[in-house]
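Just below is one structure, and these are the notes that go with it.
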Amino acid sequence: MNERIREREVRLIGADGTQLGIKSVPEAIAIARQSNLDLVEVAAQATPPVCRIMDYGKFKFDASQKARESRRKASHLSLKEMKYRPKIGPGDFETKTRQVQRFLEDGHKVKVTIMFRGREVHYPELGKRILDRITEEVDGLSRVETEARLDGRNMTMVLAPEKRHRSQAADGGTSSHEAGAGGSSPVAGMDAAAPDSGESSRSHMDNER
């Protein structure tokens, strides 16, 4: 920054982003000080190096604010985990899968773990079957980021939330487990209603005949 820049000349960018051409370092510093700003080297590897006129104090403050916000988001949108057993009962499966849906709707990634015990580890297809069912249940909410893989006595898979659904949730849209009965998706609810509508129409036509 300023006198610490060791190059003889630099490609200068103004505070508003305007290309000011190649200038000697003393000339570039003088131009920056006319606006009470600093000359900051932003691309040392270029030939010649690129320098920009800016308020370096404000730049550092904005950078620290962005870094703090990034850390806050990273801690809030963490990797959640849900554990299943290969012989899990229907009730437990539905309860755990609804929680997976909530994690995804809140924008979290979810690591799904199938825990094998004893000789169960010799039947990995049982775990894969559970993971396939979970993937079907959360279809539309997520995508598979890490495919199912066996790691010792555990089989794991990572689901990431769909960006489209995260945007809808941020806008206050209705979540899938609220819109459908018992955690069903809105699409499933529409499919179930369609046959009733058709039966009603056929019944009305028969009465007219």
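Any residue at all in segment 86-107 that's modelled with pLDDT under 90 and of a type in the set (Gly, Ala, Ser)?
Yes, that holds for at least one residue.
Quick check on Lys23: is it touching a helix residue (DSSP H, G or I) at 6+ places or on another chain (Cβ under 9 Å) and without any contact (Cβ under 8 Å) to a residue 40 or more places away in the chain?
So Lys23 fits the description; yes.
Considering segment 85-102 alone, what residues qualify as being without any contact (Cβ under 8 Å) to a residue 24 or more places away in the chain and either closer than 16 Å to Thr156 by Cβ or of a type in the set (Ser, Thr, Tyr) (or both)?
Hits for segment 85-102 are Thr95, Lys96.
Which of the residues belonging to segment 132-142 are of a type outside the set (Gly, Ala, Ser) and within 14 Å of Gln101 (Cα to Cα)?
Result: Arg133, Ile134, Thr135, Glu136, Glu137, Val138, Asp139, Leu141.
Tally up the residues in segment 29-58 that are more than 18 Å from Thr18 (Cα to Cα) and within 36 Å of the chain's Cα centre (by Cα), please.
4
Please work out if Arg11 is at pLDDT 90 or above, of a type in the set (D, E, K, R) and farther than 30 Å from Lys109 by Cα.
For Arg11, the condition - at pLDDT 90 or above, of a type in the set (D, E, K, R) and farther than 30 Å from Lys109 by Cα - is met.
Looking only at segment 8-26, which residues are surrounded by 15 or more Cβ atoms within 10 Å (Cβ to Cβ) and closer than 16 Å to Pro48 by Cβ?
Result: Glu9, Val10, Arg11, Leu12, Ile13, Leu20, Lys23, Val25.
Is it the case that some residue within segment 108-124 is within 26 Å of the chain's Cα centre (by Cα), free of Cβ contacts under 8 Å to residues at least 12 places away in the same chain and outside the structural domain of Pro26 (by TED's automatic domain parsing)?
No, segment 108-124 contains no residue that is within 26 Å of the chain's Cα centre (by Cα), free of Cβ contacts under 8 Å to residues at least 12 places away in the same chain and outside the structural domain of Pro26 (by TED's automatic domain parsing).
Before we move on, is Thr146 in the same structural domain as Lys163 (by TED's automatic domain parsing), within 28 Å of Lys163 (Cα to Cα), part of a helix (DSSP H, G or I) and of a type outside the set (A, V, I, L, M, F, W, C)?
no
Might you check whether a residue that is touching a residue at least 40 places away in the same chain (Cβ under 8 Å), assigned by TED's automatic domain parsing to the domain that holds Glu147 and touching a helix residue (DSSP H, G or I) at 6+ places or on another chain (Cβ under 9 Å) occurs anywhere in segment 67-84?
Checked against the condition, which is being touching a residue at least 40 places away in the same chain (Cβ under 8 Å), assigned by TED's automatic domain parsing to the domain that holds Glu147 and touching a helix residue (DSSP H, G or I) at 6+ places or on another chain (Cβ under 9 Å), segment 67-84 yields at least one hit.
The values are calculated or read from the model by the stated rules, or taken from the named source; none is laboratory data. For clarity, every value in this text was computed on a predicted model and none was experimentally measured. Cβ atoms come from the backbone with ideal geometry, glycine included; neighbour counts cover every protein chain shown.
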